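For reference, the structure is listed below as structure tokens.
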Amino acid sequence: MARAICGVRIEKVTESVAAEVIGGGRSSCAEAGIVLAGGHSIDSPEPIFGLSVSGRVSLRYLKKNSDAKAGDAIFITKPLGVGILATAQKMKKVHFDDHQNAIVQMTQLNSVGALIAKIEGVNAITDVTGFGLGGHLIEVCSASQVSAQLKFSSIPLLDNVNHYLKLGCIPGGSERNFQSYGHQLGTLNAMQKSIICDPQTSGGLLITASQSAKSTVSAILEEQKLPFAEIGEIYPAEDQLKIISFQ
């Protein structure tokens, strides 16, 4: 079940707008097959909305971000670039279609994780959010005591991401991410750095799967019509100063 918190500045946001926001949360809960069991509304100087979700999971199918194994293939289930497009929108440089594509992606649930978690040989799962692909993969590798090599050309991107990078639409969070973990990344040019460190809102799942399981993972992701990609491989840890390398 989920409980909601909704905060708005009462003198600036009408009850009908707040109701629409809560309605969106209720719709997502229904799509996920869970109950929205109440919550709280508060007067807030900045608009906020979120869901606190409680539930039960079989420990047999519980996947963590600390069990990746050398030889695993690395999958991502959504393209990168949400932070870049959101920045382009704030700078009033984004094209309407690109903005809409970002919204569609951000409102797509990661419910496929429940199916992927049941596959024998899927060893680690996490989501890609504010720390970007680089940060979340470093978390997986550090916790699992392994390293990773990514094929940069295989990383999926939202449409026209490179165009917006050329226009200077780079989120402030990208640089903060790089300052935090850039020393653990292999050599990157400026464009690649902006993509690897791009903070995602409601990003996709990052999955590591054994070679024997990856065809099953691919089949399920294809069946769910997700724009996934196999982007690299897990290797034994060699240099903890450079956890992620690129080819």
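The values are calculated or read from the model by the stated rules, or taken from the named source; none is laboratory data. Just so you know, these numbers come straight off a predicted model, no measurement behind them. Cβ atoms come from the backbone with ideal geometry, glycine included; neighbour counts cover every protein chain shown. Quick note on the areas: whole protein, heavy atoms, side chains included, nothing else; ligands and nucleic acids left out. Shrake-Rupley method; radii C 1.70, N 1.55, O 1.52, S 1.80 Å.
If only residues of segment 159-177 that are touching a helix residue (DSSP H, G or I) at 6+ places or on another chain (Cβ under 6 Å) and hydrophobic (A, V, I, L, M, F, W, C) are counted, the one that is most open to solvent (accessible area, probe 1.4 Å) is Ile170. Tell me which residues, restricted to segment 189-224, are open to solvent by 40 Å² or more (accessible area, probe 1.4 Å) and farther than 20 Å from Leu85 by Cβ. Listed by number, the residues that qualify are Asn189, Gln211, Ser212, Lys214, Ser215, Thr216, Ala219, Glu222, Glu223, Gln224.
For segment 129-143, a tally of residues being open to solvent by less than 20 Å² (accessible area, probe 1.4 Å), more than 21 Å from His99 (Cβ to Cβ) and among the small types (Gly, Ala, Ser) returns 2. Taken over segment 225-247, the criterion of being open to solvent by 80 Å² or more (accessible area, probe 1.4 Å) and either under 27 Å from Ala86 (Cα atoms) or part of a helix (DSSP H, G or I) (or both) is satisfied by Lys225 alone.
Are any of the residues in segment 65-79 closer than 27 Å to Arg3 by Cα, assigned to a strand (DSSP E or B) and aromatic (Phe, Trp, Tyr)? No, because not a single residue in segment 65-79 is closer than 27 Å to Arg3 by Cα, assigned to a strand (DSSP E or B) and aromatic (Phe, Trp, Tyr). Number of residues in segment 42-69 that are in contact with a helix residue (DSSP H, G or I) (Cβ under 9 Å, 6 or more places away or on another chain) and either surrounded by 15 or more Cβ atoms within 10 Å (Cβ to Cβ) or among the basic types (Lys, Arg) (or both) equals 9.
Quick grid of which residues meet (1) more than 21 Å from Gly132 (Cα to Cα); (2) in a loop (DSSP other than H, G, I, E, B); (3) open to solvent by less than 60 Å² (accessible area, probe 1.4 Å); (4) of a type in the set (Phe, Trp, Tyr):
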{"residue": "Ser16", "(1), (2), (3), (4)": "yes, no, no, no"}
{"residue": "Ala30", "(1), (2), (3), (4)": "yes, no, no, no"}
{"residue": "His40", "(1), (2), (3), (4)": "yes, no, no, no"}
{"residue": "Gly83", "(1), (2), (3), (4)": "no, no, yes, no"}
{"residue": "Gln89", "(1), (2), (3), (4)": "no, no, no, no"}
{"residue": "Ala102", "(1), (2), (3), (4)": "no, no, yes, no"}
{"residue": "Leu109", "(1), (2), (3), (4)": "no, yes, yes, no"}
